[in-house]
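Since the structure comes first, as structure tokens, the remarks are kept for the end.
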Amino acid sequence: MFRMSEAAELLGVSADTVRRWVDAGRLAATRDEQGHRLVHGVDLAAFVRARSDDPVDRADESSARNRLRGIVTAVLKDAVMAQVDIQAGPFRVVSLMSREAVDDLGLSVGSVAIAVIKSTTVVVERPPTNADRSSGS
């Protein structure tokens, strides 16, 4: 179960946005003994999957499924190569590409871009829980 603030952090939005989605019936929530709204992890996962099916940011012609829409925060170019920084919600994504690609795409600070990630290796970690912290594990 996730509190509104925890769900918001996972989704990269504000807690108010999550509350509006719950109030509008787009996201299911229950209340705990103190009256705080909670979102079940399964419901949150289903909501995220449904949002990712939005065709606006998906290229069905691509095998890459990891797509992060964000804003370009930095572009560093030299004669041949470039570094592009994208802030996608709470995540900073850095891409190294040819200068020609940056110029062809018209990437500049403030423009919207989608980082498409295709990798054979993805490391998955779990954050420590309160029980892990208290037991010294």
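The values are calculated or read from the model by the stated rules, or taken from the named source; none is laboratory data. Remember, it's a predicted structure, so these values are computed and weren't measured experimentally. Please note: Cβ atoms are built from the backbone with ideal geometry, for glycine as well, and neighbour counts cover all protein chains shown.
Within segment 109-131, the set of residues being assigned to a loop (DSSP other than H, G, I, E, B) and surrounded by 12 or more Cβ atoms within 10 Å (Cβ to Cβ) comprises just one member, S111. Residues in segment 15-48 that are in a helix (DSSP H, G or I) and in contact with a strand residue (DSSP E or B) (Cβ under 9 Å, 6 or more places away or on another chain): A15, V18, R19, V22, G41, L44, F47. For segment 50-84, the tally of residues that are modelled with pLDDT of 80 or more and among the basic types (K, R) stands at 3. The residue pairs whose first member lies in segment 79-90 and is not assigned by TED's automatic domain parsing to the domain that holds L11, whose second member is in a loop (DSSP other than H, G, I, E, B), and whose beta carbons are closer than 6 Å, counting only pairs six or more residues apart or on different chains, are V84/L107; G89/G12; P90/G12.
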